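Right, one structure below, let's go through it.
The values are calculated or read from the model by the stated rules, or taken from the named source; none is laboratory data. From a predicted model like this one, the values you see are computed outputs, not experimental measurements. Counting neighbours? That spans all protein chains shown, and the Cβs are built from the backbone with ideal geometry, glycine included.
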Amino acid sequence: MTRARDAIEAEDKLDVILACRPVYTRNQDVAAFQLLLHGEKPAEGASLSDIEATNTVILGTYTHVFQGGKTRSVPSFLKVTDEVLMAPELPNLPKKQYILEIPHTLMLTSELVDRLKALARRGYRLAMDGYDPGDDELDVLLDIVHIVKIDVRDSDADSLRRTSEKLRAHGVELLADQIADRTQFQRCLELGFDYYQGDFLSTPSPVKGKKIAGNKLLLLQLLTELHSPDASPARLEEIAIKDAGLTYRLLKTVNSAAMGLRREVNSLSDAIALLGLEEIKRWANLFLIDGEMDKPEALTRGMLIRGRMCEVLAELSDQEGGQHSTSVNHFIVGLLSQLDALMDIAMPELMEQVPLSQDVKSALLERRGPLGAVLTEVEAYEAGRFDALSLLSERAYYEVAYRHSTAWARQVQQAMGYQD
């Protein structure tokens, strides 16, 4: 049984599937998470039993994010059913940690409106989902809710401007939802939206002819050697010591709590002896994605979660076939699947610059092979397309793998030395 499998087996299993999509500030920091909960009534929102089943896990894991050199607690948007909104007594929902989201499918009755007013007076933050500026019946909520979510996919600049002006008059904060790319993000930024949600961070803006930055060339040389069948600790150390800063950071990371070592490692050859070449390969890839100063930490965080979850799902489904090296390849595929967005270099061009096996390249370029199949599964989970999942027979393991990967990513960000 692998270490990942041991960690997953030790965790409590939930009766629901849960994922989180970040909500960003203007500076592309994580302001909150949108909880994607697949429970009793997935289309309608979380029920009372869903909330009771997940509350401890949400507050213990999913509300924490490492950014700006610190671990911070951020609130979560939770779409709830009318059963929850009308319940005589809400479950134990800390007001600072939850933003109650009102589904656009709810039928507005005078009782519901009065209940929402009462919740707002008690200090709960309320958000309206899927606002339609053409539906005048929704206007009654604009003086009650605190945040209004607007789907920007089918809106042009003029209609977005008119909608934002109308909503501003009611004093609500605006969340631009379903932002597909950087162009849409910039448009919403100029219109003064407060929050932003969508896949725009993971969408590259390729610069033709751009090469990987010079400070990454030594890492590429190290990776090339790691992928060589004749790789040796002496040769790897010879490459690494050309950059004292890289060697220092690598050893600092290896000695961190993320590795769980029992004694301090003082040299790269010592690290290789303790961890093996495949583990050093993992960390060399981690440093390849680190240090892009013009990119938000949230993108790196997402890459770390995806990499670790690909590896864990591969182990749980026995995709690695008992070979640790293949397990590491699953990790690398997940980690580097958004490298084009991080470096603004088209993925085909990147694959010409980064030394990877053909199986890894095929997975990254075309989602082909066993590596590509696991990556596709993780991408579906992240997007909340839970009905598309087929790799694991026990669906509860998906959430535990995701929870484990989220906590692992936070720990690794700390270990990699992010600073204010």
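Per-structure values
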| quantity | calculated |
| --- | --- |
| Residue count for the stretch 380-390, restricted to those that are closer than 19 Å to GLN34 by Cα, outside any helix (DSSP H, G or I) and touching a helix residue (DSSP H, G or I) at 6+ places or on another chain (Cβ under 9 Å) | 1 |
| Subset of the stretch 48-89 [in a loop (DSSP other than H, G, I, E, B) and surrounded by 17 or more Cβ atoms within 10 Å (Cβ to Cβ)] | THR63, VAL74, PRO75, THR81 |
| Check on THR25, within 21 Å of the chain's Cα centre (by Cα), of a type in the set (S, T, N, Q) and surrounded by 16 or more Cβ atoms within 10 Å (Cβ to Cβ) | no |
| Residue list for the stretch 108-139, restricted to those being assigned to a loop (DSSP other than H, G, I, E, B) and either outside the structural domain of HIS170 (by TED's automatic domain parsing) or under 22 Å from LEU175 (Cα atoms) (or both) | LEU108, GLY123, TYR124, ASP129, GLY130, TYR131, ASP132, PRO133, GLY134, ASP135 |
| Selection status of LYS95, in the same structural domain as GLN178 (by TED's automatic domain parsing), over 22 Å from the mean Cα position of the chain (by Cα) and either farther than 22 Å from ASP199 by Cβ or of a type in the set (Ser, Thr, Tyr) (or both) | yes |
| Residue match in the stretch 164-173 (condition: in contact with a strand residue (DSSP E or B) (Cβ under 9 Å, 6 or more places away or on another chain) and assigned to a strand (DSSP E or B)) | yes |
| Failed item in (1) within 30 Å of LYS79 (Cα to Cα); (2) touching a Pro at 6+ places or on another chain (Cβ under 9 Å); (3) crowded, with 22+ Cβ neighbours inside 10 Å, with CYS310 passing the rest | (2) |
| Cβ-Cβ under 9 Å pairs, at least 6 apart or on other chains, the stretch 290-311 side at positive phi, far side surrounded by fewer than 18 Cβ atoms within 10 Å (Cβ to Cβ) | GLY291/ALA213; GLY291/ASN215 |
| Residues that are of a type outside the set (Asp, Glu), in contact with a strand residue (DSSP E or B) (Cβ under 7 Å, 6 or more places away or on another chain) and either over 21 Å from GLU382 (Cα atoms) or surrounded by 20 or more Cβ atoms within 10 Å (Cβ to Cβ) (or both), drawn from the stretch 180-199 | PHE185, CYS188, PHE193, TYR195, TYR196, GLN197, GLY198 |
| Subset of the stretch 354-379 [surrounded by fewer than 18 Cβ atoms within 10 Å (Cβ to Cβ) and either assigned to a loop (DSSP other than H, G, I, E, B) or touching a helix residue (DSSP H, G or I) at 6+ places or on another chain (Cβ under 7 Å) (or both)] | PRO355, SER357, ASP359, SER362, LEU365, GLU366, ARG367, ARG368, GLY369 |
| Residue, modelled with the lowest pLDDT, within the stretch 3-23, restricted to residues that are touching a helix residue (DSSP H, G or I) at 6+ places or on another chain (Cβ under 7 Å) and among the acidic types (Asp, Glu) | GLU11 |
